[in-house]
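I have placed the structure first, in the form of C-alpha cells, so that the comments after it can refer back to it.
The values are calculated or read from the model by the stated rules, or taken from the named source; none is laboratory data. Bear in mind that the values here come from a model prediction, so they are computed numbers and not experimental data. Glycine also receives a Cβ, built like all others from the backbone with ideal geometry; neighbour counts cover every protein chain displayed. Protein only, heavy atoms only, side chains kept; ligands, DNA and RNA dropped before computing areas. Shrake-Rupley method; radii C 1.70, N 1.55, O 1.52, S 1.80 Å.
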Amino acid sequence: MAATFFGEVVKAPCRAGTEDEEEEEGRRETPEDREVRRQLARKREVRLLRRQTKTSLEVSLLEKYPCSKFIIAIGNNAVAFLSSFVMNSGVWEEVGCAKLWNEWCRTTDTIHLSPTEAFCVFYHLKSSPSVFLCQCSCYVAEDQQYQWLEKVFGSCPRKNMQITILTCRHVTDYKTSESTGCLPSPFLKALKTQNFRDPVCCSLLEQPNIVHDLPAAVLSYCQVWKIPAVLYLCYTDVMKLDLITVEAFKPILSSRSLKGLVKNVPQSTETLKKLMTTNEIQSNIYT
C-alpha cells in the first residue's frame with residue numbers, strides 16, 4: 001500500500017509480474033517489427049560519397065589517398081576557422097563527403113546544400129595532396145561514430161600521419177574549482193595521444209574533464225592505433241557561430257600542423273568577418 005500526493009491510499013503494483021510481462025512482449029517481436037528495425041539500421045548507415053558523381057567510395061578515404069596530415073574541424077565555429085584561415089590560403093579539392101541520417105542530422109541531398117544544412121566534407125590540398133582537411137558541421141550519433149571512423153581511416157590505418165582535431169564545448173561543461181563565471185571565455189585546452197610529440201599551443205585539459213562525441217571517438221581511435229593526434233577544445237559561452245569564439249582558435253596557427261598552411265593572417269581575418277556577415281544574412285533568410 002502507498003499514499004499518493006493527493007492523500008489516497010492505493011495498492012502498489014508488483015514489479016515482478018510486470019517485468020515478466022515485458023520480457024514476454026519483447027519475445028513476441030513480429031516480422032514487421034524486425035523489418036522496421038532493419039530499415040532504420042540501413043537508414044542510419046554512414047556512407048562516403050563523391051558528391052559530383054553520387055557514387056560511394058569502395059574503400060576507406062585514407063586507404064584510397066595517402067595522408068601525412070589530417071585536420072578535422074567539428075562544429076560551426078571550428079569549421080568557420082578552417083574556412084577562413086586555412087582553406088582561404090590554398091587551393092583545396094573535394095575528395096568526398098559523408099552522408100548520414102540521425103535524430104539531429106537529416107541532410108538527404110548532399111549535392112545541393114542550403115547554408116543552414118549540416119554537412120561533413122573532405123578535401124585535400126592540390127599543391128600537397130597528402131594534406132587532408134575535414135569540415136564537419138553535422139552531428140554524428142554514438143552508434144554512427146565507429147562507422148565514420150572505419151569509412152574515413154579504415155580497419156588498419158597508417159601510423160605515419162598526424163591528426164589535429166578542433167571543436168567547441170560550452171563553458172559550463174568545464175570542471176574547475178573556480179566559478180565558471182570567472183573564467184575568461186572563450187579559452188582553449190588541449191588533449192593529446194601518447195605518440196604526439198610536438199608542443200601544444202595551450203595548456204592541457206585537466207582531470208576530471210572529459211571530451212565527448214566524435215572528437216572523443218577520433219582521439220580514442222588514434223590512441224589505440226598509436227597515431228599522433230591532438231585535440232584543441234575551445235570552451236565558450238556562445239555555441240552558435242560567433243566571431244570571438246572562432247578567433248579563440250588563432251593560437252593554433254603557430255602549430256606545426258597548420259604553420260605552413262596559412263599565408264596571410266590579416267587577409268584571413270577579413271575573410272572571417274565577411275563570412276560572419278554572410279551567415280547572419282543567410283540565417284535571416286532560412287529562419
- [ ] Restricting attention to the stretch 47-73, report how many residues are in contact with a Cys (Cβ under 9 Å, 6 or more places away or on another chain) and open to solvent by less than 20 Å² (accessible area, probe 1.4 Å).
- [x] 7
Task: Per-region count, the stretch 210-239, residues free of Cβ contacts under 8 Å to residues at least 60 places away in the same chain and over 18 Å from the mean Cα position of the chain (by Cα) - done: 1
Open item on the list: I want to confirm something. Restricting to the stretch 146-200 and keeping residues that are among the hydroxyl-bearing types (Ser, Thr, Tyr) and part of a loop (DSSP other than H, G, I, E, B), which single residue is least open to solvent (accessible area, probe 1.4 Å)?
Closed with: Thr193
TODO: Among the residues of the stretch 201-243, write down those that are touching a helix residue (DSSP H, G or I) at 6+ places or on another chain (Cβ under 6 Å), assigned to a helix (DSSP H, G or I) and closer than 22 Å to Lys259 by Cα.
DONE: Leu243
TODO: Say whether the condition of being closer than 29 Å to Ser257 by Cβ and modelled with pLDDT of 80 or more is met by at least one residue in the stretch 26-41.
DONE: no
- [ ] Would you be able to tell me the number of residues in the stretch 217-252 that are among the polar types (S, T, N, Q) and farther than 22 Å from Lys175 by Cα?
- [x] 1
TODO: Provide a single number: the residues in the stretch 65-90 that are under 18 Å from the mean Cα position of the chain (by Cα), outside any helix (DSSP H, G or I) and not hydrophobic (A, V, I, L, M, F, W, C).
DONE: 2
Open item on the list: Restricting to the stretch 202-224, name every residue that is open to solvent by 40 Å² or more (accessible area, probe 1.4 Å) and not acidic (Asp, Glu).
Closed with: Ser203, Leu204, Gln207, Pro208, Ile210, His212, Ser220, Gln223, Val224
Open item on the list: Exactly one condition in (1) part of a helix (DSSP H, G or I); (2) open to solvent by 10 Å² or more (accessible area, probe 1.4 Å); (3) at pLDDT 90 or above is false for Glu93; which is it?
Closed with: (1)
